[in-house]
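Just dropping this structure here.
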Amino acid sequence: MYDSLKDKVVLITGAASGLGRGMAERFGKEQAKVVINYHSDKHDYNAIIDTIKSYGGDAAAVQGDVSNEEDVKKMIDFAVETFGSLDVMINNAGMENQVESHQLSLEDWQKVIDINLTGAFLGSREALKYMVENNIKGSIINMSSVHDRIPWPQFVHYAASKGGVKLMTETLAMEYAPHGIRVNSICPGAIKTPINAEKFDDPEQRKQVEDMIPLGKIGNPEQIAACAVWLASDEASYVTGLSLYADGGMTLYPSFQGGRG
Ligand code: NAD
């Protein structure tokens, strides 16, 4: 538990499922005030709100598309109107789809860039505007991926978006350090969530991925949420511009395991 997170206002995009949900519930355990952004009605955010309240935190939900400038402004306004501030902004919403690059349509390319990269930019920009104007020494966390450094054939738009998130995070970290605002990213490896559930439910595909992870197993959303609360807390008060890889060692060139190479 991090005492410094109690009553902090935390906005998480794409928080009605997967890693976003895991982070929302963990911030609830820290008794923060959590704003859950969801994109479509098919996600039931009420259960998440109930869980957060049962931990002694508070929560509310706001609909919005992170790639839409007006929606992002509305999310930030909603957080401030509902809970009185914005201390932590987590740009988590994202998507991926698999297509050979020479067959990838401009529409598919644009959609992934719009949500994963432009969405994180809009969320960061609006949060920074609020924090600078109100002299809040806040924290921004962008959800990147191991694919901000590992190339991923057939996911060129996804890898390009996350590579962009990495340098955007580092640039904003430097630019807003004089304001006391920290900007970091979390780079998960393979974590079972709705984004990849189909793949990891198939034993053969699951084994193939596990073989690429030195710790030998797929991660869970709680392990990513643990990174997020630490980064947002005062325990990480000297940390900015970090890409925090939570990947079971996936980025360590596992093919060299056992002295190969
Ligand atoms: P997920 O599909 O459960 O979560 C993505 C969320 O983003 C969903 O709730 C979805 O509704 C939301 N979303 C999509 N488009 C949106 C939009 N335009 N506006 C607002 N919300 C939108 O999958 P996840 O694994 O929880 O993914 C969360 C983040 O973590 C993504 O950025 C993803 O790239 C990243 N990530 C996941 C993994 C993994 O293994 N699960 C690994 C690396 C990075």
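The values are calculated or read from the model by the stated rules, or taken from the named source; none is laboratory data. Being a predicted model, the structure only gives us computed values, none of them experimental. Note that we place each Cβ from the backbone using ideal geometry, even for glycine, and neighbour counts take in every protein chain shown. Accessible surface is based on the protein model in full, side chains and every heavy atom, while ligands, DNA and RNA are left aside. Shrake-Rupley method; radii C 1.70, N 1.55, O 1.52, S 1.80 Å.
Compute the Kirkwood hydrodynamic radius of the stretch 120-261, taking the inverse of the mean of 1/r over all pairs of distinct Cα atoms, and give it in Å to one decimal.
16.4 Å
Still on this model: Tell me the carbon and sulfur percent of the accessible area for the stretch 129-201, rounded to whole percent, probe radius 1.4 Å.
That share works out to 56 percent.
Still on this model: At 7 Å along the Cα-to-beta-carbon direction for both E175 and I150, put a label point, then send me their distance in nm to one decimal.
3.0 nm
Turning to a different aspect of this structure: Stretched out fully, how many nm does the piece from Q103 to N134 gain, at 0.36 nm a residue minus the Cα gap?
Once the chain is fully extended between Q103 and N134, it gains 6.5 nm.
Run the quick spin-label model on E222 and D41: label points 7 Å from Cα toward the beta carbon, then report their separation in nm to one decimal.
Placing both labels 7 Å beyond Cα along the Cβ direction yields 3.4 nm.
Note down, for the chain, the three equivalent ellipsoid semi-axes (square root of 5 times each alpha carbon gyration tensor eigenvalue), biggest first, whole angstrom.
Sorted largest first and rounded, they come to 29, 20, 19 Å.
Given the Cα-Cα distance of M95 and E210 and 0.36 nm per residue of separation, how much length would full extension add, in nm?
Fully extending the segment from M95 to E210 adds 39.2 nm.
Quickly rank 113-120, 81-88, 187-194 as a protection proxy: mean count of other C-beta atoms within 10 Å, highest first.
Values: 113-120: 22.5, 81-88: 18.4, 187-194: 20.2.
Result, highest mean first: 113-120, 187-194, 81-88.
Could you list the residues of the stretch 15-37 with an amide nitrogen less than 18 Å from a label point located 7 Å from the Cα of E198 in the Cα-to-C-beta direction?
Inside the label zone: 18.
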